[in-house]
Amino acid sequence: MVLRTLRQRLNFRLQLMNVDPPDWGTAGPRDQATGASAYIRHLRANLTIGYWATTLHRNRYMASSFAYYTSQLVLAVPPGPPYTSLELLRCPLDKPIWTFLLCSLAAGLAVIGLLRWAGSPTARHFVLGHNAPNRAWPAMIAVLLGAGLSRAPRGSFARALLLCWLAGTLVLRSAYTSSMIRFLQSDRNHTVPANLPALLDAGYQLYMYRNYSFAFDAYPHIGARVQLVTAHQFRTAIVRRLQRPGARLCVLLPLETVTFLNRNLTRTGQLLRIARERVTVAKLAIYTQRTSALLGPLNKLLERFVASGLLHRWAAQYHQLRFLANPYQYRGRQQLVLADMDGPFEILLVGLGLGAGTFLIELVAGRWEGGKRKKRQSGEQ
């Protein structure tokens, strides 16, 4: 659109040349320039337009026009690994809440144990009640899990403590239940690292096209870890890898490319997801020969296009942020299925297994002691 409008306003004849091999190339002296940059340096083309970000190295060998568009370079990442069933039980509450709950429970159990074994009867009856000092431990855990008490403790102070514990655990259980339902309905995964250094530290492989290598000119230690790919390799292999949860790779792409590709990828059930933080921004321009007479008229028209908002209107036809969202993810009400409750069932099975094992041990020990008692009695007779 930009090139067609420039041709109409400046009234020049347009002849398109395909670069062979198709590559932006690298700028440099004439004998070292490659790709489209070599066409400009060898005077085979008057201008080149596309994702040409203005850099100091390019401006040293070619002339750039007015920067007509600002693009964000982001990282396309796969979804994080899914939560296990037991991890889902921990997710609704944050670590400080779990820490506070466990500390409160441990402090209560410690006070009960201290009063039972080292406290005076007066202090024990005052804190635990007159009728339930031996049932304080099971009662505290039962109230935490939402079970009832067969008998309330006697004494005003003991009942006040019980009421405080009931109120606190009621709020926690209600918040935990509602948060758990929302968490299961949202179908979340583990969070992917938010920026490039964190992704590299986590063992992610960085892929990108050669044209975006300018982003790491000042960071050679990152540039050394980059793996260059072609557009064909990206569309045929890497896009599929980006759909696998927990895959360790990321791809540097313009945000506009991500939204444009998602427009078609979502039709096949695929989606490109981006990391939370951007990598850098690129100022796009048209590059020409340093002695080109087109540079002045190009700058005037591009400034008008930008000031009038025409450039952003054109870009909005291809770049729409709504294509970053997953259109197949149902965000309304939905029922929970048994697969969402695997964690509680696993804990139940473990508890039943421990209970059955304890019962068998007690049964075998009882029979063994009964056999010894019979032998002892028969020997005495």
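The figures follow:
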{"item": "Hits in the range 93-123 - residues which are closer than 20 Å to Ile141 by Cα and either of a type in the set (Val, Ile, Thr) or in contact (Cβ under 8 Å) with a residue 60 or more places away in the chain (or both)", "result": "Leu93, Ile97, Thr99, Leu101, Ser104, Val111, Ile112"}
{"item": "Qualifying residue in the range 214-233 (condition: modelled with pLDDT of 85 or more, open to solvent by less than 50 Å² (accessible area, probe 1.4 Å) and more than 30 Å from His57 (Cβ to Cβ))", "result": "no"}
{"item": "Which numbered condition His190 fails, given (1) closer than 17 Å to Glu87 by Cβ; (2) surrounded by 15 or more Cβ atoms within 10 Å (Cβ to Cβ)", "result": "(2)"}
{"item": "Residues within the range 252-310 that are in the same structural domain as Trp52 (by the TED database), assigned to a helix (DSSP H, G or I), open to solvent by 30 Å² or more (accessible area, probe 1.4 Å) and of a type outside the set (A, V, I, L, M), tallied", "result": "7"}
{"item": "Residue ID - farthest from Gly296 (Cα to Cα), chosen from residues in the range 8-20 that are free of Cβ contacts under 8 Å to residues at least 24 places away in the same chain and open to solvent by 80 Å² or more (accessible area, probe 1.4 Å)", "result": "Asp20"}
{"item": "Qualifying positions in the range 1-59 - assigned to a loop (DSSP other than H, G, I, E, B) and among the small types (Gly, Ala, Ser)", "result": "Gly25, Ala27, Gly28, Ala33, Ala45, Gly50"}
{"item": "Enumerated helices (runs of 4 or more DSSP H) restricted to the range 139-251, each holding at least 3 residues that are basic (Lys, Arg)", "result": "156-186"}
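Condition check ((1) open to solvent by less than 80 Å² (accessible area, probe 1.4 Å); (2) closer than 30 Å to Cys250 by Cβ; (3) in contact with a His (Cβ under 8 Å, 6 or more places away or on another chain)) across all residues:
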residue	(1), (2), (3)
Ile141	yes, no, no
Gly146	yes, no, no
Ser150	no, no, no
Arg154	no, no, yes
Met180	yes, no, no
Pro197	yes, yes, no
Leu200	yes, yes, no
Gly203	yes, yes, no
Met208	yes, yes, no
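To keep it simple, each residue is scored yes or no on (1) under 25 Å from Arg90 (Cβ atoms); (2) surrounded by 10 or more Cβ atoms within 10 Å (Cβ to Cβ); (3) at pLDDT 85 or above; (4) not small (Gly, Ala, Ser).
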| residue | (1), (2), (3), (4) |
| --- | --- |
| Gly332 | no, no, no, no |
| Ala339 | yes, no, no, no |
| Gly357 | no, yes, yes, no |
| Glu380 | no, no, no, yes |
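The values are calculated or read from the model by the stated rules, or taken from the named source; none is laboratory data. These numbers were taken from a predicted model, which means no experiment stands behind them. Cβ: placed from backbone, ideal geometry, glycine included. Neighbour counts: every protein chain shown. Just the protein is used for accessible areas: all its heavy atoms, side chains included, with ligands, DNA and RNA removed. Shrake-Rupley method; radii C 1.70, N 1.55, O 1.52, S 1.80 Å.
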